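What follows draws every value from the coordinates through simple rules; no lab data is involved. What you see is a predicted model, and the numbers here were worked out from it, not measured in a lab. Heads up, the Cβs are rebuilt from the backbone with ideal geometry, glycines too, and the neighbour counts pull from every protein chain shown.
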């Protein structure tokens, strides 16, 4: 472990005797801490950009993006991966989230799941991982054995890796080609990394997946033209997008196009090709 590594995520809170705070004081101070997160993320945009460009290259050539993590970090990866198909209309197996302990761990803690250095690679092997793919390990502390072991074995197999952590020079960063370290400082409640650290990880994941999908052509203008039409609200949104883009058609015609072609993008292209 790097001698300069410090568990800032475990540092003592800037607040004490929190149990004596009024409700307003609790909320105001949580909000004061949360305000620091976006600034911390801003500092690492160059590294996020490098990772995004690498992901785009991999996905453009038939590869996949994997997230691996444990606990809150693993859950955030699963959430980001699961939102890509409905938002951007990509296949379910393009962005894949894997959590220590399996899907059961999404809903409840699985004892000792994060302490197994070898399990992440076994989990990745279930998906026939190859050097066409890219793996991003998520660990607030940067010390999670499950994530470290997974990235370490990936690199041994010439698989490109990234990481998202909230400590400088963390162990997980040593095994990442693109180490993103968002240092948000002590948590409001000491060591509760589901708070600022979790928010930072969520922000970075949003940035990665959104930027990747934009670069892959899944957005037109500022619209989700490839979104899955899974409910009436999204269908109505799609109708409005088609009307806004084509200008000259009414809602009935737009709805008919959308029903026939199944996506905003395909509807627009079909109409314009007439």
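Below are the figures for this structure:
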| quantity | calculated |
| --- | --- |
| Spin-label model distance (nm) - residue 189 vs residue 18, 7 Å beyond Cα toward Cβ | 0.6 nm |
| Nearest 10 degrees, 0 to 90: helix 71-88 Cα axis against the chain principal axis | 10 degrees |
| Calculated [θ] (222 nm, deg cm²/dmol) that DSSP helices of n ≥ 4 give over the chain, each run adding -39,500 (n - 2.57) | -15000 deg cm²/dmol |
| Length-normalised contact order for the chain - Cα pairs under 8 Å, 6+ apart - percent | 23 percent |
| Share of pairwise Cα separations in region 232-272, more than 16 Å, in percent | 14 percent |
| Rounded to whole Å, sorted largest first: equivalent-ellipsoid semi-axes of region 3-100, Cα gyration tensor | 34, 18, 14 |
| Spin-label pair residue 252/residue 45, simplified geometry with 7 Å Cα→Cβ offset, distance in nm | 4.8 nm |
| For region 180-230, alpha-carbon Rg over 2.2 N^0.38 Å | 1.58 |
| Principal axis dimensions, region 161-274 - Cα atoms, whole angstrom, descending | 58, 31, 20 |
| Rounded to 10°, Cα long-axis angle of helix 196-215 versus longest principal axis of the chain | 30 degrees |
| Per-residue Cβ neighbour rank within 10 angstrom, fewest leading, 146, 39 | 39, 146 |
| Cβ-based exposure ranking for 172, 214, 52, in which fewest neighbours within 10 Å come first | 214, 52, 172 |
| Nearest-ten-degree value, helix 23-42 long axis tilted from longest Cα axis of the chain | 70 degrees |
| For the chain, alpha-carbon Rg relative to the globular expectation (2.2 N^0.38 Å, N residues) | 1.13 |
| Euclidean distance between Cα centres, region 178-222 to region 229-274, Å | 32 Å |
| Proxy reagent accessibility, fewest Cβ within 10 Å first, across 175, 103, 17, 261 | 17, 103, 261, 175 |
| Rounded D (µm²/s) - region 59-178, Kirkwood Rh over Cα pairs, Stokes-Einstein at 4 °C, 1.567 mPa s | 93 µm²/s |
| FRET efficiency estimate (nearest 0.05) - Cβ-Cβ, residue 93 to residue 220, R0 25 angstrom | 0.55 |
| Centre separation in Å (Cα based) which lies between region 46-102 and region 104-124 | 18 Å |
